[in-house]
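Read the structure below first, then the notes.
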């Protein structure tokens with residue numbers, strides 16, 4: 001989701017829905033970054049805020065949009081690759097050509113949960 005802050009209540013509640021937590025209620029109808037973090041990063045919600053720094057580089061490989069990123073969180077660093085293609089066969093071909101077809105695919109949330117000890 002790409003939304004500028006302050007987040008309208010509807011956008012904040014789409015975040016809540018994606019995280020599986022109860023909807024938020026705020027009289028003025030918007031959330032600043034600090035207000036959203038305070039509302040969501042509560043132990044009873046089973047959520048935790050994690051500062052993430054991401055350095056991205058964009059490329060085109062065989063017509064497919066690609067992004068290589070270095071991600072830093074909680075002192076851990078990983079490198080990621082994303083490939084976008086309208087046709088799944090094109091994407092699979094790029095992965096094979098780059099020698100990546102057997103590589104593990106781990107989502108950001110799963111990686112973040114593992115490094116902060118929330119995986120279970």
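Computed from the coordinates by the stated procedures, all read-outs in this text should not be read as laboratory data. Source: prediction; values computed, not measured. Because the Cβ atoms are built from the backbone with ideal geometry, glycine has one as well, and the counts that use them run over all protein chains shown.
Within the stretch 56-76, the set of residues being exposed (fewer than 11 other Cβ atoms within 10 Å of the Cβ) and under 18 Å from the mean Cα position of the chain (by Cα) comprises 57, 58, 75.
Taking the stretch 100-120 as the range and being free of Cβ contacts under 8 Å to residues at least 24 places away in the same chain and part of a helix (DSSP H, G or I) as the test, the residues that pass are 109, 110, 113, 114.
Residue-level check: of (1) farther than 17 Å from residue 110 by Cα; (2) free of Cβ contacts under 8 Å to residues at least 12 places away in the same chain, residue 9 misses just (2). Listed by position, the strands (runs of 3 or more DSSP E) inside the stretch 2-98 whose residues that are in contact with a helix residue (DSSP H, G or I) (Cβ under 9 Å, 6 or more places away or on another chain) and more than 23 Å from residue 116 (Cα to Cα) number at least 2 are 64-73, 76-84.
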